[in-house]
1. Where the convex hull is taken over the Cα atoms of region 255-401, what is its projected area averaged over directions, in nm²?
2. Quick check: Cα centre of region 484-501 to Cα centre of region 440-465, how many Å?
3. So which trypsin sites (Lys or Arg not before Pro) in region 259-368 are both in a DSSP loop and have at most 12 other Cβ atoms within 10 Å of their Cβ?
4. Just to check I understand the Karplus step: with θ = phi - 60° and J = 6.51 cos²θ - 1.76 cosθ + 1.60, what whole-Hz values come out for region 386-400, glycine and proline as x?
5. Can you check how the C-alpha radius of gyration of region 328-368 compares to 2.2 N^0.38 Å, as a plain ratio?
6. Run a plain Debye calculation on region 507-586 (Cα atoms as equal point scatterers, no solvent) and give log10 I(q)/I(0) at q = 0.17, 0.21, 0.25 Å⁻¹, rounded to two decimals, same order as the q list.
7. Calculate for the chain the 222 nm mean residue ellipticity that helices alone would give, adding -39,500 (n - 2.57) per DSSP H run of length 4 or more and normalising by residue count, nearest 500 deg cm²/dmol.
8. For region 601-630, which trypsin sites (Lys or Arg not before Pro) are in a loop by DSSP, counting at most 12 other Cβ atoms within 10 Å?
Amino acid sequence: MTDEPDVELEARLEEKERFDPPEAFVEQANVSDPDIYEEFEEEWPDCWERAADLLDWDEEYDDVLVDDEAPFYEWFVGGELNAAYNCVDRHVESGRKNHAAIKWEGEGGETRTYTYQDLYREVNEFAAALRDMGVEEDDVVTLYMPMIPELPIAMLACARIGAPHSVVFAGFSADALATRMNSAESEYLVTCDGYYRRGDVLNHKEKADKGLRSVEADVETVVVDRLGDELTHFLGKRHHDYDELVAEQSGERVDPVSRDAEDMLFLMYTSGTTGKPKGVKHTTGGYLSYAAWTSHSVLDIKPEDSYWCAADIGWITGHSYIVYGPLALGTTTVMYEGTPDYPEKDRLWELVEKYAVDIFYTAPTAIRSFMKWGKEYPDSKDLSSLRLLGTVGEPINPRAWKWYYKHIGDESCPVVDTWWQTETGGMMITTLPGIGTMKPGSAGPALPGIDAEIVDTAGEAVSPGDAGYLTINNPWPGMLRTLYDNDDRFINEYWREYSDSEADEWVYFPEDGATIDEDEYITVLGRVDDVINVSGHRLGTMEIESAIVGVPGVAEAAVVGGSHEVKGEAVYAYVITEDGTEGGEELYDSIIENVERAIGPFARPEEIIFTPELPKTRSGKIMRRLLEDIANGEQLGNTSTLRNPEIVEEIQAQVSAE
Ligand code: WT7
């Protein structure tokens, strides 16, 4: 089922430069004692009490870890807590009510600041409104919203009443929304009228309404008015206006519901090998402790910081490191609605200067764009407030790493390259910024308490420098507990490959290829399944293929990731038409349209290559690796095992002609 790890990418491992954390950083770091690795190992699993200690519990837990039903692990068993209480109330109670919790900036420059007291009020009022609508504990509430403050408010309101949220990234299509709502049997939706993108108004409600037509449940919807009079929209029978609902609940307070540590906090859908997205289940106790712990130890967040993660809350990065982690620690989290290059390419640096940002966390794809635009943009702003930089989402090439370190961090901020996944809940592999020497291109060692190993197909550890598969040998509090309503798929996707179930030895397989060096630094090479990573967005090739095959006139399609200078990977689609002819412009456009309709514009193919045949092995399997090599314009290896070797040259000629 898995391909060979991408050895081509190993070229960048030749990197030898090292950078030590600056003294000034080390002196103030939350974690600076290198003994922490050993301590976690010795104390494991009790070491995770340190994470749980960052939270306030209504009921103390009896056991840190229960592994009787492994790999259905349970953490902090017997404990009870509320996530909204931990992210909001306790900071109000400890005398920090006037401290800014969220500083929001709209694309056009509007601003809103919510102190912890403001957040407390609004979360309570919206929680009361949800209750009035009939939302009960354990009902899944879908949130389909862009980067506006009502999104984290709605998340926390759900958490307050014990209703798991399922956030669907606003860039997803109507169809994708419907699939996720149906899968979670969600009967409630919070969305908004529209938002701005590069000065244009996007009609979001229209998209949500369209999606709702394919949802089986009789959904009750709340609509946030983001645009004022810019867009007329109709509320309809089961649609409510957010502002009206909240106004009706003015001054209302809702007691935070004590949730069992293992109760679901949220669901997050992500792409996998098959066409059907997976509903990753995260829990209240384990997830929240892990998000808080990694925010403390890796992002070095302190309450007085101005902290900015420039991701979207619609993905796991935003859940863990815009909302839950930073707010649990009582800091100020900056939230920006727009894109980095609008109205100018200095927009992010303008915000770093304006909000005197201490910690900045973004994706390699963004850094590669910054590089392309040129250093004059960051140079024109005062970035001296920065203390720490981070990246996440895909491998970072050493050149981009060094550019970030130099031009954004002025060679005085550590850079943490954090490897993790939707499923892991929080960071797993990275240097600790106050301890570890940084090696550009390599994420670093596994975090304390995390037992990562790089193995071959037989599960044996590979030698330093050799490519293998990344595996995790121990459970951790932030791990997914299962896939929603699908325990079998949970086992099959993550635990089948390297576990020995007879011996009750469970090994988590994240489906990434990697290498490890003598210092146990791990370099992640990329996915080894049929998942591609476009600008840090995870896309299942099967999902795209089925959208393409749904276009009349298309007989067969194969989608692969080809390397892309800025996006990391881009979507390459090889398509066979029904009548064997070369598809024209019209077919080309309908393919693009269908992909955008099924998934969203971010899944749009970079190139569509019409071909009379696909390269197949004698057993009829499509040779994806070959298609990737063609997309990358690389030298092809041995094609003699193909049933139809002649097709390769034909496709190659076509790609280079385009
Ligand atoms: C996949 C997970 C984690 C939040 C954003 C993506 C890749 C992630 C790194 C990194 C190399 C990385 C992996 C992983 N990935 N971070 N620092 N270096 N690769 O979450 O959508 O669940 O995707 O992103 O391939 O499996 P996701």
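1. Mean shadow area of the hull around the Cα atoms is 11.0 nm².
2. 21
3. Sparse-neighbourhood loop trypsin sites (Lys or Arg not before Pro): none present.
4. Taking θ as phi minus 60°, the curve returns 5, 10, 8, 10, x, 9, 7, x, 6, x, 10, 6, x, 4, 5 Hz for region 386-400.
5. Against the compact-globule rule of thumb, the ratio is 1.25.
6. Each listed q corresponds, in turn, to -0.78, -0.99, -1.16.
7. The helix contribution divided over the chain gives -7500 deg cm²/dmol.
8. Here the sparse-neighbourhood loop sites are 618, 621.
The values are calculated or read from the model by the stated rules, or taken from the named source; none is laboratory data. Nothing here was measured: the structure is a model prediction, and the numbers come from that model. Ideal geometry is used to build each Cβ from the backbone, glycine not excepted, and the neighbour counts take in all protein chains shown. Side chains included, ligands, DNA and RNA excluded: accessible areas come from the protein's heavy atoms. Shrake-Rupley method; radii C 1.70, N 1.55, O 1.52, S 1.80 Å.
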